[in-house]
Amino acid sequence: MLYLVKKPYTKRIYIHLDNDELGIIAANMIASALSIWSFDVSIMPPPKGKGFHDFYMESIRRNKLENVALLDVPPAIGQHAQHA
């Protein structure tokens with residue numbers, strides 16, 4: 001809270017906690033406490049998974065699979081390796 005007191009220009013706060021029962025309860029408690037000081041508070045749980053770690057790990061896994069699939073694509077016709 002001290003940080004927010006020292007930064008009076010802060011008006012909007014986003015809360016990113018886990019999407020499980022305890023994360024939701026904690027996010028609501030934090031939002032209630034911050035709204036007393038007239039902050040515009042938004043609770044933003046991860047779009048998928050229990051927490052942001054799950055969400056980011058799934059994104060990384062998905063990107064790695066897409067990159068592997070790109071490596072397996074044969075070259076287009078006419079794009080043969082040049083011989084020395």
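The values are calculated or read from the model by the stated rules, or taken from the named source; none is laboratory data. The structure displayed is predicted, hence computed values, not measured ones. Cβ coordinates were reconstructed from backbone atoms using ideal geometry, including for glycine residues, and neighbour counts include every protein chain displayed.
Structure data summary
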| item | result |
| --- | --- |
| Filtered residues of region 16-35 (kept if polar (S, T, N, Q), modelled with pLDDT under 90 and within 20 Å of Leu2 (Cα to Cα)) | Ser35 |
| Yes/no for Leu17 being surrounded by 16 or more Cβ atoms within 10 Å (Cβ to Cβ) and assigned to a loop (DSSP other than H, G, I, E, B) | yes |
| Residues satisfying the stated conditions in region 1-12, i.e. out of contact with any Asp or Glu (no Cβ under 7 Å at 6 or more places or on another chain) and either part of a strand (DSSP E or B) or free of Cβ contacts under 8 Å to residues at least 12 places away in the same chain (or both) | Met1, Leu2, Tyr3, Val5, Lys6, Lys7, Pro8, Tyr9 |
| Residue count, region 20-66 (criterion: part of a loop (DSSP other than H, G, I, E, B) and touching a residue at least 24 places away in the same chain (Cβ under 8 Å)) | 9 |
| Any hit, region 64-73, residues being within 23 Å of the chain's Cα centre (by Cα) and at pLDDT 80 or above | no |
